[in-house]
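Chemist: A single structure is presented below for examination.
The values are calculated or read from the model by the stated rules, or taken from the named source; none is laboratory data. Model, not experiment: these values are computed from the prediction. So basically every Cβ, Gly included, is an ideal-geometry build from the backbone, and we count neighbours across all protein chains shown. The protein model used for the area step is the full one, side chains on, heavy atoms only, and it has no ligands, DNA or RNA in it. Shrake-Rupley method; radii C 1.70, N 1.55, O 1.52, S 1.80 Å.
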Amino acid sequence: MTLYNSHISTSKSNLIIVILFLAINILSAQEITLQDAHNIMLQNNGHIKASLFEVSEKQEEQKAAKGLRYPTLSASATYLSLENDITMDLNSTRNMVGGLLSISDPASVLGDWNFTLQEKDLSFGVVELSMPLFSGGQINNYNKATKIKVDLAKNASQLTEDELTIKLIDYYFKLKLAKELENVRQLVYETVLLHYNQATKFYENGIIPEVETLNAKVALSNAETELKAAQKDVALATTALENTIGITNISQISTNFNKPTIINSFEDFKSDVLTGNTQLKTIEKNHELAEIGVKLEKSHLYPSIGFFSNYIPYTENLPLAENTKWMVGIGAKWEIFNGFQTEHKIKASKFKINQVEAIEKQAKLDLTTYTEKLFNTMQKELEQYESLDTNESYAERLTFMRTRAFEEGTGTSIDVVDATLKLSEIQLKKIKSLYEYNVEYSELIVLSGKTDTLLNQYQ
């Protein structure tokens, strides 16, 4: 009885393990939208995390720069041990004085005139306070520069995100393309298989010659090979997408291709790109930073003025500081000549402005050219899609007619296979056209700085 109960318990445990294993597999297989993939990528991608850390770094540097405007308070303590006491021997002077006063024994009357000015062991503590009063604009301009560097770090982070978003969209739609191609190859295989079985029956019944079955058999073999290749493409595209967003076991992608349509003109897209592009915003910030650089170099032409104060709260064996515990003052420093370094640095910083302006001009030309390329590709894919959509209806009608003709004995197997392959070729081109349009359109919108708008369009 005990053995029986033990067997029942073991069976239940094995059943529970199987159920849990199946549940884990079901939960781990994920259906993911483009928006979901984008959100997961933002959370998991190491490059994005690194760029955000850089933003935090620049923000802390900006906060540190603000501290230059405030007083600096410090405290220090010092202990010194000299080799010997610092003394002053005036006994010879004492003897001279004794001679003038007709003192026969100056040492006994006037005493020892060998004085100790400083004992060899001493210690003291100092509290220091200092504050800049005028720096020729160095502190203000440095604070402005750190603020611009925060903006540059944010733009760099956004550029990283944009690049990865474009890559993500491409991989996502490549997987969508691969799955659609697999569906077409599967349909072609099933259609050719049905035709092959039908041709075999016709041959067995003596309706058609054997050569017709051989044509169908060759077509079936080719369809099977292409289907296996399509399945491998799906596996490869799935791996690429999983690695990009940092998860595994993507079972389905639920975001569909948008049908090609062009509402805005090229000038509208061009205006959006030149206005919202993150790269151009980065160049603009670099231009501002270069202008601040000129001001920073010019600030060295002015004197630096500051307030300072010292207080000595503790002394031991330091008689010179016993009666003077504190001091205050104002100091100024003006570098009058440094070998023309400042003048040349000012000229160099002005050339930096010219450099950024040249880069900005070329960047706008490059972006305009690239925008035109993307727009023309979108137009081409729209026209091709519309043409293929019309041709698909004709090819479907042709396939139907060739199949009926074969069934009635007035057509050949080659006619059916050719019609089927022509239909599949049109369908494949149509899907590829959808892919090309959506990828080019998405990249154009991301370059315009409207990623959120784009993702909302694919909801």
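Chemist: For region 114-174, what are Rg and Dmax over the alpha carbons, in angstrom?
Modeler: For region 114-174, the Cα radius of gyration and maximum Cα-Cα distance read 28.8, 98 Å.
Chemist: Using the reciprocal of the averaged 1/r over all distinct C-alpha pairs, how large is the Kirkwood radius of region 293-349 in Å? Could you put the intermediate results ahead of the total?
Modeler: Values: mean 1/r = 0.0680 Å⁻¹.
Roughly 14.7 Å, rounded to one decimal.
Chemist: Ile247's amide H: which non-local residues (gap 5+, or another chain) put their own amide H closer than 5 Å, with H modeled 1.01 Å from N in plane and none for Pro or chain starts?
Modeler: none
Chemist: Over all directions, average the projected area of the Cα convex hull of region 203-254 and note it in nm².
Modeler: Numbers: hull surface 22.1 nm².
It is 5.5 nm².
Chemist: Additional query: Report the far tail of the P(r) of region 75-151, meaning the percent of Cα-Cα pairs longer than 17 Å. Intermediate values should be presented prior to the final figure.
Modeler: Working: 2100 of 2926 pairs.
Of all Cα-Cα pairs in region 75-151, 72 percent lie more than 17 Å apart.
Chemist: Give me the one-decimal nm value for the distance between modelled label points at Glu383 and Arg69, 7 Å along each residue's Cα-to-Cβ direction.
Modeler: Placing both labels 7 Å along Cα→Cβ, they lie 6.0 nm apart.
Chemist: Can you give me the relative contact order of the chain as a percent, contacts being Cα pairs under 8 Å and 6 or more apart? Can you show the working numbers first?
Modeler: Working: 560 pairs, mean separation 108.1, N = 459.
Result for the chain is 24 percent.
Chemist: For region 161-275, compute Rg over Rh where Rg is the Cα radius of gyration and Rh is the Kirkwood radius from the inverse mean 1/r over Cα pairs.
Modeler: Values: Rg = 21.8 Å, Rh = 17.7 Å.
A ratio of 1.23.
Chemist: List the residues of region 105-121 whose backbone N lies under 13 Å from a point placed 7 Å from the Cα of Glu322 along the Cα-to-Cβ direction.
Modeler: It comes to 116-119, nothing else.
Chemist: OK, next. Calculate log10 I(q)/I(0) of region 245-320 for q = 0.26, 0.27 Å⁻¹, where I(q) comes from the Debye formula with a single equal point scatterer on each Cα and nothing for solvent.
Modeler: -1.18, -1.21
Chemist: Right, something else. Over region 123-226, what lengths in whole Å, largest first, do the semi-axes of the equivalent ellipsoid take, defined as the square roots of 5 times the eigenvalues of the alpha-carbon gyration tensor? Don't jump to the answer; show the numbers that get you there.
Modeler: Values: eigenvalues 1329, 36, 12 Å².
Working through the eigenvalues yields semi-axes of 82, 13, 8 Å.
Chemist: To continue, here is another question. Relative to a virtual label point 7 Å from the Cα of Ala405 in the Cα→beta-carbon direction, which members of region 412-455 show backbone nitrogen distances below 20 Å?
Modeler: Residues 412-426 qualify, since their backbone N sits under 20 Å from the label point.
Chemist: What length, rounded to one decimal in nm, is gained on full extension from Lys352 through to Asn222, with 0.36 nm per residue of separation minus their alpha-carbon distance?
Modeler: Taking Lys352 through Asn222 to full extension adds about 40.5 nm, to one decimal.
Chemist: Once the whole set of protein chains is in place, how much accessible area is left on Arg185, using a 1.4 Å probe, in Å² to the nearest 10?
Modeler: Number for this one is 60 Å².
Chemist: Okay, moving on. Over the Cα atoms of region 320-459, Rg to Rh with Kirkwood Rh, two decimal places? Each step should come with its number before you reach the end.
Modeler: On the way: Rg = 35.7 Å, Rh = 22.5 Å.
My calculation puts Rg/Rh at 1.58.
Chemist: Rounded to the nearest 0.05, what FRET efficiency do Asn256 and Asn39 have when you use their Cβ-Cβ distance and R0 = 22 Å?
Modeler: Details: r = 19 Å, r/R0 = 0.85.
The computed FRET efficiency comes out at 0.75.
Chemist: Tell me which lysines have Cα within less than 16 Å of Lys217's Cα, excluding those fewer than 8 residues away on the same chain?
Modeler: Here the lysines satisfying the reach criterion relative to Lys217 are Lys201.
Chemist: Further question: Report the convex hull volume per residue for region 256-380, counting only C-alpha atoms, in Å³.
Modeler: So the per-residue hull volume is 233 Å³.
Chemist: Any idea how far apart Leu110 and Ser265 come out in nm if each label point goes 7 Å out from Cα toward Cβ?
Modeler: 11.0
Chemist: Could I ask something else about it? Could you give the spread of the C-alpha atoms of the chain along their three principal axes, from largest to smallest, in whole angstroms?
Modeler: 162, 85, 33
Chemist: While we're looking at this one, here's another question. Which FRET efficiency, nearest 0.05, do Leu194 and Lys429 yield, Cβ-Cβ r, R0 30 Å? Numbers along the way, then the final one.
Modeler: Numbers: r = 24 Å, r/R0 = 0.79.
Once the sixth-power term is evaluated, E becomes 0.80.
Chemist: If each residue of separation counts as 0.36 nm, what is the full-extension length gain between Gln341 and Asn95 once their alpha-carbon separation is subtracted?
Modeler: Details: separation 246, 0.36 × 246 = 88.56 nm, distance 6.19 nm.
Here the answer is 82.4 nm.
Chemist: So how long is each side of region 342-422 along the principal axes, counting just the alpha-carbon atoms, biggest first, in Å?
Modeler: 96, 19, 9
Chemist: If the reach is capped at under 14 angstrom between alpha carbons, list the aspartates and glutamates near Lys347, excluding any in the same chain fewer than eight residues apart.
Modeler: Once the sequence-local aspartates and glutamates are set aside, what remains near Lys347 is Glu291, Glu297.
Chemist: Using the Cα atoms as the points, what is the convex hull volume per residue of region 174-232 in Å³? If you can, show how the numbers build up before the last one.
Modeler: Details: hull volume 3.0 nm³, N = 59.
Dividing the Cα hull volume of region 174-232 by its residue count gives 51 Å³.
Chemist: Next question, about the same structure. Taking the inverse of the average 1/r across all pairs of different Cα atoms in region 49-182, what Kirkwood radius in Å do you get? The partial results should precede the final answer.
Modeler: On the way: mean 1/r = 0.0431 Å⁻¹.
Result for region 49-182, one decimal place: 23.2 Å.
Chemist: Same structure, new question: Using the structure shown, list the pairs from Lys259/Lys281; Lys58/Lys373; Lys58/Lys352; Lys63/Lys325; Lys149/Lys270 with a Cα-Cα distance above 30 Å, or answer none. Please list the in-between numbers first.
Modeler: Numbers: Lys259/Lys281 32 Å; Lys58/Lys373 36 Å; Lys58/Lys352 22 Å; Lys63/Lys325 35 Å; Lys149/Lys270 28 Å.
The pairs that break the limit, which is 30 Å between Cα atoms, are Lys259/Lys281; Lys58/Lys373; Lys63/Lys325.
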